[in-house]
Every structure is written in C-alpha cells, then in structure tokens.
Amino acid sequence: MKGCGESNSTPGPSGHPLLKKGAYGQSPVLMILVNLYSGFDDWAKCFPKHPTERSTPLQNTDLITRIVSEVIKELHPNTQTCANPAEYGIFPTMETAIAQAVIAQKQVARLSMATRDKIISNIRKKTIENAGILSDMAVAETGMGNPIHKRAKHELLAAKTPGTEDISTIAFSGDNGLTLVERGPFGVIGAITPCTNPSETVLCNTIGMLAAGNTVVFNPHPAAVRSSNYAVHLINQASFEAGGPENIAVSTTKPTQETGNILFNHPEIQLLTITGGPGVVTAALKSGKRAIGAGAGNPPVLVDDTADIKQAASDIVAGATFDNNLPCIAEKGIIATQKIADELIHYLKQNACYQANPQEVQSLCETVLEHKNNQVRLNRNCVGKSATELLKMIGVTTNEEIKCIIFEGDEDHILIREELMMPILGLVRAKDITEGIRIAVKLEQGHRHSVHMHSKNVDNLTRLGQEADTAIFVKNAPSYAALGFGGEGFCSFTIASRTGEGLTSARTFTKSRRCVLGDSLCIR
Ligand code: NAD
C-alpha cells in the first residue's frame, strides 16, 4: 500500500468546500476558519480517516460551529445553517442519523425539481473528481479489488445513473375530468450496502433516491465504513454547495448488524433497499417493511458451437477479471459445449488465463474456502484478490502476466458452485446446447440474478433467456455491459434480483399517487 500522498491515481479529494483557500474570497471570518482547519491539508492528500475521528483541531467544536454558521449565513442567506459541516451526514448513533434524515426529507420534498437536478449534477461532479481517491480508499480499506477498475465504476455511475428524468407522470383525461398518476417519494429509505462496491452503491443509490424526493440512511458494511462514509460526506457537501439541505444521505460512525436492525424496525423508515448477500436480504424481507432486495448472484456464462470463440474468450476474461471479479454480475463459471471447449480454452490462455492442474485446484480449494461448523465459507483474505496474488498464495509463480485462473471441473465442483468473487473460473463441458442450458440454470442456483451467453444462434439464446428467468442476460459481450459499461442502458449498482425490480433507478424509489380532478381541464 502506498503511503500518504503517494497515490498514483487522481489528485486528493476536493476536501471541505470551506477549506479551499480563496474559494469564497478573503472574508476575515473565513480566514479564521481556514486557520482552524489548517491541520486538514494533509488529510486531503491521504486516505482519510473520517474527519470526525480526528482529535485536533476539531475539539473546539462550539467555536467552529459558531464561526461556520456565521460564514454560511453570510454566503448563503437563504439556506439552512449547517450544524457541523465537518461531520456532513455522519452521526455517532443510528437513531440520530435517522432523526436528521427525517428533518432533511421534509426539506427535500419541498425542493424544486431544478434544485434536485442541481444537487445531483454536483454529486456527479464530485464523484468524478474523487473517483481516484474513493477507489484507492476502498482497496486500502477492504483489501479487495482493482483501483483502476473501481475508478471506472465511479465514472460510469456519475455519467449513467438516472436522475429526475427517470420519473414521469401519466395522465388520463375525458368527460369526467383529469387524473394524474404521479410518482412520489417514500420518505426516508434505509439502505444496507456491501463491501464489494462500497462508495459506488452509496453514490448510485443516493442519486436515484434523491431524484425521487427521498432521503436515505445508510448502514454501510463495517469493513468499508470509511469509504462509504466518505461518499456520504461528499454527497452532503454537494447538496450544501448547490443550495440544498444537509443530511440528504446520512450514516453512522460504527455500523453493525445491530444498527442495521434498528433501520429494519424504525417507524420512520418507509422503505428498505438492501444490497448484499442472501443473509441480509432475507433478514430485511422478514422485517415486515417493504424491501427492495438486491441479493447474491453466481452468473454462469454459456458458450455454444455457433459463438465467435476468440471474441467470447476475450469478453469472458474482461468481464470476469473486472475489479477482480467482485461485481455480482461478473462471470463466475463457464459452460462450453463439447465441440468448442478445447478451442475456447486455447483462446482463454491467449487472454492471460492460467490453467491450473488438479493438484493446484486442490490447493485453491484449501486456500480460498474455509470449513466451519459443517459450513463452507469464503476465505475473506482471498475475495477480490488478483489472479497473481491467488497463485502466489498456492505457491505458483509465473513470469507471465496472469489475469485469471481457469480449470476444468464438473457441474458440482465446489469452486464452480460457490460465488467466489475472485478471478477463478471453472469450465464445465456440456455434450450439447440442451445440456449446456440445463447446467447454466443449475449453476445460477435460482438467484434470478444474471446469466450470460456467447452464441450466434437466436433460438439457443432465447431458450436460455426463457429458462434462466434472471434480471440480467448479457449476450456476446462482457458481463459489465449489463451495467451500461460498453452496453446500452443506464447504470445501477443495486440489482434487485430477489424482489424483481431488476436494475434499480429513481422510479424504483417512488410510490404511485393518483390525483383526480372532477369534471374539469379536459379540453379535447
Ligand atoms: P454481505 O451480505 O456480507 O454484507 C452486506 C451488508 O449486509 C453489510 O453491510 C453487512 O454488514 C450487512 N449484514 C449482513 N448480515 C446482516 C444481518 N443479518 N442484518 C443486518 N445487516 C446484515 O455482502 P458483501 O460481502 O458486502 O457483498 C457481497 C455480496 O453482495 C455478494 O453475495 C454479492 O453478489 C452481493 N451483491 C449484490 C448486488 C446486487 O446488486 N444484487 C450488488 C453488490 C453485491
């Protein structure tokens, strides 16, 4: 890991707006503030601890709060004064976070659509400006993933997450008057986020939820709290700068399963949005609240006799190695029809794949999986690691650049059955397309999340699409085309596989409201 200031991706975060010397002219009050914050210059260059964890110079919070209030009043006479901008949406307890999101939602509900758009534009801008630091921070904090790919994910979400344009009104008019069906906000949404896309999920969720007029309380994954909370901080900074309220997204300093349960049971939370593994989605669905459940996937990719095999190999490696296989949509196993299996393996090797022998596969099983209380679990130290790191863990060194580990196995092989989230792809041979489809459906395991296929035969493609019944089906492209990355369509990092909404966007976070006006306004 690089030391402070050595990050080789983007420049440091934009930091607090009031820290930008000269940003607001030479106000004497501001200069006092800048001096008080002067210790933060380094913070902006490093992977930050959240500012609330710093001991100095923020201990004099009363004074700072007073000065900040005065400066803000001077600069933004019409906006709500920020209670403590250093915290920007992060609260010591979940209860306080929820209370603040409730206050903010009342303000958000009264914002014009133009102001919501302005805030969202600023969130997009800050996401792009901070894509490098957010990515480096997530890799440093979680030990998972590839910073260059994470950066691409941030840029993608900034460009392609839908905003207010996603929400439309339906009108009926006739002899009896006019009826509008409007999409209104739920209110305050409780969101659980994963460690695999920590800041991406926070930013993407907030854009859609805010566009729909909601505020959101996050309970981030404990292993990714800094990255997630830094995104929350940027969101509120963006809102404040754009003339919106603070606390449009909030979080807590120490998220746990218990704080998650507070969200599940709190009367002020009207909707839950859960992005994570099967356990947390099931827990939320049992809460009695309406929940959007974006659960686990184990996407197989089927390659049939008619596919462009060279292109299929290149696409599969690109998709399966993106962010070291962390995305839930990434290819997790290959099924190849017997006729083309050898050719596919040949091209996979040409695309920087290492074919593990049976002994090495056994070592991988022992390394990447843990057996506890008769249950198999992933070794968290291996999740999101690169192929080279994984090979090193089993004692294999190679001079070639290796992107992915492949091996041949049967459809019940544990490394093919489990959702590994690391660049290891087992390949299963199928005698024909019928058997290939059967195995693909079996390996998807009823998650109803994603399957992928390479084929030029429309009938074969249609059969898999019908039989797999998944939220996503990518054909003849890397899996990440489903996120709008090199594929058409909008971006989302919350794919509601379990509850059926599919890729979520602003409209997913709205409820239907019918407004009826009797006997008027029909001018046909
Ligand atoms: P995880 O399930 O370990 O954690 C997700 C979140 O749930 C964390 O914030 C965790 O603290 C919380 N949590 C777990 N059990 C809980 C419980 N009983 N009560 C309250 N909170 C609980 O998942 P992860 O390792 O962070 O992410 C990887 C998983 O998420 C994979 O299975 C992946 O497929 C899935 N995922 C799905 C999507 C999607 O859009 N469908 C997106 C990203 C990740």
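The values are calculated or read from the model by the stated rules, or taken from the named source; none is laboratory data. What you see is a predicted model; the values in this text were computed from it and never measured. Cβ coordinates were reconstructed from backbone atoms using ideal geometry, including for glycine residues, and neighbour counts include every protein chain displayed.
Quick rundown of the values:
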| quantity | calculated |
| --- | --- |
| Of the criteria (1) within 14 Å of the ligand (Cβ to nearest atom); (2) more than 18 Å from Gln107 (Cα to Cα); (3) in contact (Cβ under 8 Å) with a residue 24 or more places away in the chain, which one Tyr230 fails | (1) |
| Failed item in (1) within 27 Å of Gly293 (Cα to Cα); (2) modelled with pLDDT under 95, with His371 passing the rest | (1) |
| Qualifying residue in region 291-310 (condition: away from the ligand (no atom under 13 Å from the Cβ), more than 17 Å from the chain's Cα centre (by Cα) and in a helix (DSSP H, G or I)) | yes |
| Scan of region 457-483 for residues that are in a loop (DSSP other than H, G, I, E, B) and away from the ligand (no atom under 14 Å from the Cβ), ordered by number | Asn457, Asp469, Asn476, Ala477, Pro478 |
| Residue identified as within 15 Å of the ligand (Cβ to nearest atom) and under 21 Å from Arg290 (Cβ atoms) among Thr259, Thr206 | Thr259 |
| Region 441-458 - residue that is among the β-branched types (Val, Ile, Thr) and buried (at least 18 other Cβ atoms within 10 Å of the Cβ) and, of those, farthest from the chain's Cα centre (by Cα) | Val441 |
| Tabulated pairs, region 472-492, first over 16 Å from Met453 (Cα atoms) and among the hydroxyl-bearing types (Ser, Thr, Tyr), second within 15 Å of the ligand (Cβ to nearest atom) and part of a strand (DSSP E or B), C-beta under 7 angstrom, 6+ apart or interchain | Ser492/Leu503 |
| Selection from region 384-417 of residues that are surrounded by fewer than 17 Cβ atoms within 10 Å (Cβ to Cβ) and of a type in the set (Asp, Glu) | Glu389, Glu400, Glu401, Asp410, Asp412 |
| Options Val376, Val383: the member that is within 16 Å of the ligand (Cβ to nearest atom), more than 25 Å from the chain's Cα centre (by Cα) and not in a helix (DSSP H, G or I) | Val376 |
| Residues (surrounded by 21 or more Cβ atoms within 10 Å (Cβ to Cβ) and polar (S, T, N, Q)) located in region 147-194 | Thr161, Thr193 |
| Some residue of region 442-452 being aliphatic (A, V, I, L, M) and either free of Cβ contacts under 8 Å to residues at least 60 places away in the same chain or more than 15 Å from the ligand (Cβ to nearest atom) (or both) | no |
| Residue in region 362-373 that is surrounded by the most Cβ atoms within 10 Å (Cβ to Cβ), counting only those that are part of a strand (DSSP E or B) and more than 26 Å from the chain's Cα centre (by Cα) | Glu370 |
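Each row is one residue, and each column tells you yes or no for (1) crowded, with 24+ Cβ neighbours inside 10 Å; (2) touching a residue at least 24 places away in the same chain (Cβ under 8 Å); (3) not charged (D, E, K, R).
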{"position": "Phe218", "(1), (2), (3)": "yes, yes, yes"}
{"position": "Glu241", "(1), (2), (3)": "no, yes, no"}
{"position": "Ala249", "(1), (2), (3)": "yes, yes, yes"}
{"position": "Ile262", "(1), (2), (3)": "no, yes, yes"}
{"position": "His266", "(1), (2), (3)": "no, yes, yes"}
{"position": "Gln270", "(1), (2), (3)": "no, yes, yes"}
{"position": "Ala296", "(1), (2), (3)": "no, yes, yes"}
